[in-house]
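Have a look at the structure below before the remarks.
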Amino acid sequence: AERTGYPVAVKPGTRNRDEGVSNGLRSAEDVRAAVDRARRHADRVVVEASLDGDCYRLLVADHQVLAVISNGLELPLGQVHESALLLAQRISSQLDVGMLVLDIVTRDISRALEESGAAVTDLELAPRLDELLPAHSPLLGRAAEALVRWLYPPGCASRIPIVAVTGTNGKTTTSRMISRVMRFAGRRPGTVCSGGLYIAG
């Protein structure tokens, strides 16, 4: 906290953004108390500069900003300054990912980022849309369509065979066995399981 410079924010080192977060801390005593609170929610704790403003989450799929969400509400894209939209699109294009969520903290998202004292605070390359959006949000469908468009560009022949494993116990073990068989068969499998995401091992 002293290296970063006060005021600072302390938060649990998890994806949950609401519980155990303390902002605007101005003393070592406050930081110690905040760390104790944050450790109730996660073993790892993050200390970062405390920023003045609201958090805006930009959902980008197929290199296009689909939505800007703040405090659980979707903002009309017309209210978001072009500099924020262009930054999100540029990051998506440079990383060449199908979907991402970029978090920007600013006092006014309608002003240019450099004028409003804005800062990028997080970048998720595999966002959990079920945590970001309500269950019946039309954005879920739009985001899925854009991701599929990125995976399978129009006019390009593409095919990714998928093996899905379901059940109560042994799903990860079974998935790893299938992946190993595919590797020995000369394929380059990708595996997603509770242990993580693996490509060719």
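The values are calculated or read from the model by the stated rules, or taken from the named source; none is laboratory data. Since the structure is predicted, the reported quantities are computational estimates derived from the model, not experimental observations. Cβ atoms come from the backbone with ideal geometry, glycine included; neighbour counts cover every protein chain shown. Areas reflect the complete protein model, heavy atoms only, side chains present, ligands, DNA and RNA absent. Shrake-Rupley method; radii C 1.70, N 1.55, O 1.52, S 1.80 Å.
Worth a mention:
- GNM remark for the chain: springs join alpha carbons under 10 Å apart, and the peak mean-square fluctuation among GLY13, GLY141, GLY190 falls on GLY190.
- Only Lys, Arg (+1) and Asp, Glu (-1) charged, at Cβ; the chain dipole about Cα centre in debye: 1240
- Its DSSP H runs of at least 4 residues, each contributing -39,500 (n - 2.57), put the calculated 222 nm mean residue ellipticity of the chain at -9000 deg cm²/dmol, to the nearest 500.
- The chain, accessible surface, carbon-and-sulfur percent (1.4 angstrom probe): 51
- Applying both filters, DSSP loop and at most 16 other Cβ atoms within 10 Å, to the GluC sites (Glu not before Pro) of the range 10-63 gives GLU19.
- Judged by the mean number of other Cβ atoms found within 10 Å, the most tightly packed of the peptides 55-63, 173-181 leads the ranking 55-63, 173-181.
- The alpha carbon convex hull volume per residue for the range 1-158 rounds to 131 Å³.
- Taking 12 Å as the cut-off, the amide N atoms of the range 72-114 that come nearer than this to a point 7 Å along the Cα-to-beta-carbon line of SER137 belong to 72-75, 101-102.
- Under 18 Å from the THR4 label point (7 Å along Cα→beta-carbon), backbone N, the range 47-62: 47-56
- With protein chains left intact and a 1.4 Å probe, residues in the range 1-112 average 55 Å² of accessible area per residue.
- Point-to-point label distance, GLU145-ARG40, nm (Cα→Cβ direction, 7 Å offset): 4.4
- Gained length - ALA112 relative to ARG183, 0.36 nm times residue gap less alpha-carbon distance: 20.6 nm
- Projecting label points 7 angstrom from Cα along Cα→Cβ for VAL192 and ALA164 puts them 1.1 nm apart.
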